[in-house]
């Protein structure tokens, strides 16, 4: 009998809301030692957000701050002006919400799906986690770590 997603998914999940700040997102990721979470509003799955999404946004913000600093840099200005531009960029970053970063094109699986199908889906789309949805309701999450656990357990069982 082939293993299904329901055998390996995590049923207890950390979720965030789309209107949570990215500071709240980072705190949740760090506190739970995870790299991504489903985004749920009013009980409905509306997106997925990962630390990678956050890092990409930080890189964009940093690049914009450098461009602004270079544009406005004037040898006659005191050094504090560059710091001010950086602070403005940081304030803009703190005002961002999960909705500004999350992926809304959802790729999901059902708990009854074979693990091979879920694994293939994750590989094809280059994703590390996939929400598990049954009858339109979020019931779990399957991560690349869960797939690796299945492979390891299977290898141990056949030794």
Test result for residue 16, touching a helix residue (DSSP H, G or I) at 6+ places or on another chain (Cβ under 6 Å), at pLDDT 90 or above and over 17 Å from residue 146 (Cβ atoms)
yes
Scan region 24-80 for residues that are modelled with pLDDT of 90 or more, surrounded by 15 or more Cβ atoms within 10 Å (Cβ to Cβ) and in a helix (DSSP H, G or I) and jot them down.
25, 28, 29
So is residue 101 touching a helix residue (DSSP H, G or I) at 6+ places or on another chain (Cβ under 8 Å), at pLDDT 90 or above and within 22 Å of residue 48 (Cα to Cα) or not?
yes
Considering (1) out of contact with any helix residue (DSSP H, G or I) (no Cβ under 9 Å at 6 or more places or on another chain); (2) assigned to a helix (DSSP H, G or I); (3) modelled with pLDDT of 90 or more, say which one residue 106 fails and leave the rest.
(2)
Those residues of region 135-159 which are surrounded by 11 or more Cβ atoms within 10 Å (Cβ to Cβ) and over 21 Å from the mean Cα position of the chain (by Cα), in sequence order
150, 151, 153, 154
Could you please let me know if residue 127 is out of contact with any helix residue (DSSP H, G or I) (no Cβ under 7 Å at 6 or more places or on another chain), assigned to a strand (DSSP E or B) and within 16 Å of residue 35 (Cα to Cα)?
no
Positions within region 1-23 being assigned to a helix (DSSP H, G or I) and within 13 Å of the chain's Cα centre (by Cα), in sequence order:
22
Selection count where residues are in contact (Cβ under 8 Å) with a residue 12 or more places away in the chain and within 24 Å of residue 42 (Cβ to Cβ), scope region 121-136:
6
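The values are calculated or read from the model by the stated rules, or taken from the named source; none is laboratory data. Everything numeric in this text was worked out from a predicted model, so none of it was measured. For neighbour counting, all protein chains shown are included, and Cβ atoms are generated from backbone atoms with ideal geometry for every residue, glycine included.
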